[in-house]
Structure formats: structure tokens, C-alpha cells
Amino acid sequence: MRTVYVNGDYLPEDQAQVSIFDRGFLMADAVYEVTSVLDGKLLDFDGHCARLERSLGELGMTMPVTRDELLDIHRRLVAENAVEEGGVYLQITRGAADRDFVFPADDTPQTMVLFTQSKPGLADSPLAARGMSVVTLPDLRWGRRDIKTVQLLYPSMAKMEAKAKGADDAWMVEDGHVTEGSSNNAYIVTGDTIVTRHLGTEILHGITRAAVLRLAREAQMKVEERPFSVEEAAEADEAFVTSASTFVTPVVAIDGRKVGTGEPGPTAKRLREIYLDESRRTAI
Ligand code: PMP
């Protein structure tokens with residue numbers, strides 16, 4: 001049984017409790033982060049912390065603990081649960097208060113929970129080797145997708161619809177342009193240029209995206225941050241997605257049409273290698 005963290009306590013998972021009045025539960029009034037673990041170490045912890053602070057700030061919440069304390073909690077959970085490959089999930093809510101649309105008083109204690117997920121073979125994934133298929137669906141999420149809230153119902157429905165259509169995942173589309181994947185950032189490669197949507201309120205500012213774009217530029221690859229259409233994606237030479245838990249994963253089909261050769265492309269493969277090497281080297 002896992003040891004999990006709830007508001008200062010480390011407990012067996014079946015003894016951890018949160019109030020039924022918690023606003024995370026009643027209103028999705030909560031933010032989260034997922035930090036990947038390789039070789040028992042945390043990947044890009046600082047990046048995830050910085051985004052967490054920003055998400056909380058955008059919702060008028062604060063960090064309940066310092067960054068150093070947060071790192072200690074992550075490390076203790078990884079050690080106690082002997083996680084070699086996997087991730088640490090963190091959620092902070094506005095706390096428990098009688099149900100009301102109005103936020104509770106500022107001194108309402110926030111709820112913070114963390115748990116680990118062991119995923120042996122994370123770095124050596126069969127999906128990355130074969131490449132994934134996506135279907136496009138309308139992006140019906142709210143307008144502040146840059147805040148990492150726990151409102152994951154639409155992404156969940158999108159993934160279910162993708163699976164029902166025999167695909168691995170969904171790319172979401174707004175005004176004819178791809179915003180992002182249901183739980184990842186989306187990219188295409190045309191000629192020698194990598195294209196991915198620019199940052200804004202329409203997408204989550206992926207921590208993996210930031211690292212991969214930096215590494216691509218360092219490797220002298222051309223990067224354009226702009227919207228791309230579904231048509232442009234279908235005619236691209238390659239496509240791929242990035243996220244903390246899937247790193248760089250090639251996309252080989254969009255809406256049943258092959259992307260390029262229909263096999264994982266060289267740019268995505270190379271970026272996955274570079275990203276994994278760099279992540280292992282800098283993990284803490
Ligand atoms: N977009 C969405 C909608 C996501 O849910 C995620 C993963 N949480 C990402 C992008 C990728 O972000 P990251 O690289 O920080 O995991």
C-alpha cells in the first residue's frame with residue numbers, strides 16, 4: 001500500500017481523508033501538477049514549482065509550503081514508495097467551506113495532497129516506439145487553459161471519444177487551428193521547421209514544451225510558435241506531442257490519415273532522446 005501525503009501527514013493511502021465540503025471536490029476549485037520520476041529522481045522540479053505558483057496566483061491562492069518543503073515532501077514520497085519510474089501528483093485546493101460560489105475567508109486552510117504513481121517502463125514506452133494516432137475534436141474547455149486546474153472532465157471525455165474511434169488520443173481544435181492534445185502539447189514538423197502553438201490562455205504552458213523548445217533551438221533546429229490548422233497537420237512530415245509523463249511521443253496518424261510515412265519521424269525520435277538524456281542528467 002502506498003504512503004500518501006495529506007495536509008502535513010504521511011499516511012497509508014486507505015487512511016487519507018479529505019472533507020466532502022472541500023472546494024476541490026465540489027467546484028474543481030483546485031490546481032495540480034505532475035512531476036515525473038526517472039531513476040528515482042524528479043524531473044524539472046523547479047519548472048513545475050514555478051507553474052504551480054503561477055496557477056495559484058491566477059486564482060488568488062498562495063503556496064501553503066515553501067519550495068524546499070515541497071521538494072522534501074516529493075522526495076520522501078518517492079523514497080517511501082520506492083518509485084524508480086513514474087510520477088508524483090500534487091493537488092492544492094482552496095480548502096473546505098460550506099458550499100457557496102463566493103470564495104471562503106482568506107484564512108481558510110488550503111488542502112494539499114500528494115501521491116506517487118509507479119510506472120515501470122515509462123521511458124521505454126511501446127507507444128513512443130510505434131507512434132500514436134490522434135483524432136481531432138472541438139476544444140470545448142474553458143478559456144483559461146493556462147491555469148492547471150483539476151477541471152479535467154472535457155479532456156477525459158475527449159480521450160474516451162478518441163478511444164471509441166480507435167485512436168490513442170485527441171487533438172483539440174478551435175477556429176480551425178489545433179490548440180493542444182487532451183493532456184499534452186501538440187507539434188508538427190514541416191521540412192526543417194517545428195511548429196507549435198504560441199503561449200496564451202488557449203493552452204497549458206507545458207513544462208516539457210519549454211524544455212523541448214530550448215533543446216531544439218540549442219540543436220540548431222528551427223522553431224515557429226504559431227497556430228497551425230488541421231489541414232497543415234495532416235500534410236506535415238511529422239507530428240508529435242510533449243508532456244511530463246510521455247516526454248516526446250511521435251504522432252503517426254491524424255483523423256485516420258497517415259502523417260508523413262506513417263512511422264515515427266526522425267525529429268521526434270531525436271528530440272525524445274535529447275530530452276530524456278538532459279532530463280536524467282539534471283534530475284534531482
Ligand atoms: N496540455 C495539457 C492540457 C495538459 O494536461 C498537459 C499535461 N499536464 C500538457 C499540455 C503538458 O504539460 P507538461 O509538459 O507540463 O506536462
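Values computed for the structure shown
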| read-out | value |
| --- | --- |
| Filter result (among the β-branched types (Val, Ile, Thr) and surrounded by fewer than 20 Cβ atoms within 10 Å (Cβ to Cβ)) within segment 77-112 | VAL102, THR108 |
| Residue list for segment 172-214, filter: free of Cβ contacts under 8 Å to residues at least 24 places away in the same chain and among the basic types (Lys, Arg) | ARG214 |
| Segment 237-247, residues that are more than 14 Å from the ligand (Cβ to nearest atom) and surrounded by fewer than 21 Cβ atoms within 10 Å (Cβ to Cβ) | ASP237 |
| Residues located in segment 205-226, provided they are within 15 Å of the ligand (Cβ to nearest atom) and surrounded by fewer than 20 Cβ atoms within 10 Å (Cβ to Cβ) | HIS205, ALA210, ARG214, LEU215, GLU225 |
| Which listed residue, of PRO109, PRO120, PRO104, PRO126, is more than 12 Å from the ligand (Cβ to nearest atom) and out of contact with any strand residue (DSSP E or B) (no Cβ under 9 Å at 6 or more places or on another chain) | PRO126 |
| Residues that are buried (at least 17 other Cβ atoms within 10 Å of the Cβ), farther than 19 Å from MET172 by Cα and either touching a residue at least 40 places away in the same chain (Cβ under 8 Å) or among the charged types (D, E, K, R) (or both), drawn from segment 248-282 | PRO264, GLY265, THR267, ALA268, LYS269, LEU271, ARG272, ILE274, TYR275, LEU276, GLU278, SER279 |
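Laboratory data are not the source of any read-out in this text; all were calculated from the coordinates shown. Treat the numbers as computed from the prediction; the structure is a model and nothing was measured. Note that each Cβ is placed from the backbone with ideal geometry, even for glycine, and that neighbours are counted across all protein chains shown.
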